[in-house]
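A short worksheet on the structure shown next.
The values are calculated or read from the model by the stated rules, or taken from the named source; none is laboratory data. This structure is a prediction, so every number in the text was calculated from the model and none was measured. Methodologically, a virtual Cβ is constructed for each residue, glycine included, from the backbone with ideal geometry; neighbour enumeration extends over all protein chains shown. The accessibility values were calculated without ligands, DNA or RNA, using every heavy atom of the protein model including side chains. Shrake-Rupley method; radii C 1.70, N 1.55, O 1.52, S 1.80 Å.
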Amino acid sequence: MENTNQLPEEILKALHKGVVIPALPLALDKNRKLDEKRQRALMRYYLDAGVGGVAVAVHTTQFEIRLPKIKLYEPVLRMAREEFDRYAAGTNRPVIRIAGIMGQARQAIKEASLALLHGYHAGLLSLSAFPDASNQTLLEHCRAIAEIIPVVGFYLQPAVGGRVLDVDFWREFAQIKNVIAIKMAPFNRYQTLDVVRGVIESGRADEIALYTGNDDNILVDLLTEFNLSVGSEVIKKRIVGGLLGHWAVWTRSAVRLLDDIQKGNVNGDMQQQLSLGMQITDSNAAFFDAANNFQGCIVGLHEVLRRQGLLEGLWTLNKDEVLSPGQKEEIDRVYKAYPALNDDEFVAKNLHKWLS
């Protein structure tokens, strides 16, 4: 694994080892203004939970932060950076700083430049602004952003604004030298395999870390070893960690899960593995509102954080975003069904400190 991206060596090593990277929610008060105290508390929660990174200004942070009448993109980046810096000053543990980047050229270049200015290690690059563009157009855009900041590719499911990207795209995308990782979140096994195959066939399989964003299949992704042939050679590749909206809640438990996987503690009875995977997926279905095509995916996470005291309410920048009918009851159900998955005790023990 060659460090060609001017990233700190400890950050690159952590990225390839595999870490938990939650997608940061946006904390608002009842007037739908940024709640600085609780925004900082969320960052402190994730860092103290032992995450290896945080993704800021991504889908879970709400795309509307970029609107001219909102203008929260840079304030949220800055606030998160201050918490990253505070944590780094007190520990020697590397934490990966990822900023969401979206829009067509002018917007994406501005966001990449701001992320670099604020000390972020990489940009999670969304291509949702190019719904009908050719692979060549997409790749030219990706190369332009990679000239500014190391890039984490992003396969976002169409249900929440993404688009289909074929194996040819991923093969060429992986050949961009400043691409360091890919988050796969198509919620589709065929399309997930397209990414893995594209990376392996690119010749850069050892240089690009794969992260699951498939909140519906987290454990299976993390346990799977992909063995694909390239010519006469069989290349092995694993998904090493997760960059997930799902891991924005019950985060301490997610850290323990990944640690157990990496230590081989989840490699026992296959039926136990499948049962645990089902429990995580069932919980995600409630949080993400799968029954209603993910309409309540952000407020579902807010509801869990509200119950824990990390958020004061469910408010989002879009007043139309509310819990779907029956979603609260679904969250009640999974809370009761899978008590071992939550981290309420950890949050309760530290909440006062994070809010101070």
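May I ask you to list the residues in the range 161-184 that are in contact (Cβ under 8 Å) with a residue 40 or more places away in the chain and out of contact with any helix residue (DSSP H, G or I) (no Cβ under 8 Å at 6 or more places or on another chain)? Don't jump to the end; show me each part of the working.
Initial filter on the range 161-184 (in contact (Cβ under 8 Å) with a residue 40 or more places away in the chain): 161, 177-178, 180-181, 183-184.
Within the range 161-184, just LYS183 meets the criteria.
When ASP215, ASP259 are checked against the criterion of being buried (at least 19 other Cβ atoms within 10 Å of the Cβ) and either of a type in the set (Gly, Ala, Ser) or under 28 Å from THR60 (Cα atoms) (or both), ASP215 stands alone in meeting it.
Scanning the range 39-63 for residues that are among the β-branched types (Val, Ile, Thr) and either touching a helix residue (DSSP H, G or I) at 6+ places or on another chain (Cβ under 9 Å) or farther than 25 Å from GLN157 by Cα (or both) gives VAL51, VAL54, VAL56, THR60, THR61.
For the range 213-231, indicate whether the set of residues that are farther than 25 Å from GLU330 by Cβ, touching a residue at least 60 places away in the same chain (Cβ under 8 Å) and not aliphatic (A, V, I, L, M) is non-empty. Show your work before the answer.
Filtering the range 213-231 down to residues farther than 25 Å from GLU330 by Cβ leaves 223-231.
Filter again for touching a residue at least 60 places away in the same chain (Cβ under 8 Å), leaving none.
The answer is no; no qualifying residue exists.
For GLY52, the criteria (1) touching a residue at least 60 places away in the same chain (Cβ under 8 Å); (2) open to solvent by 10 Å² or more (accessible area, probe 1.4 Å) hold in every case but one, which is (2).
For the residues ALA99, ALA112, ALA133, the requirement of being at pLDDT 95 or above, assigned to a helix (DSSP H, G or I) and surrounded by 15 or more Cβ atoms within 10 Å (Cβ to Cβ) singles out ALA112.
Taking the range 215-314 as the region of interest, the helices (runs of 4 or more DSSP H) fully inside it that hold 2 or more residues being modelled with pLDDT of 95 or more and of a type in the set (Gly, Ala, Ser) are 251-262, 270-288. Among the residues of the range 185-211, those that are more than 15 Å from GLN157 (Cβ to Cβ) and touching a helix residue (DSSP H, G or I) at 6+ places or on another chain (Cβ under 6 Å) comprise ARG197, GLY198, VAL199, GLU201, SER202, ARG204, ALA205, ILE208, ALA209.
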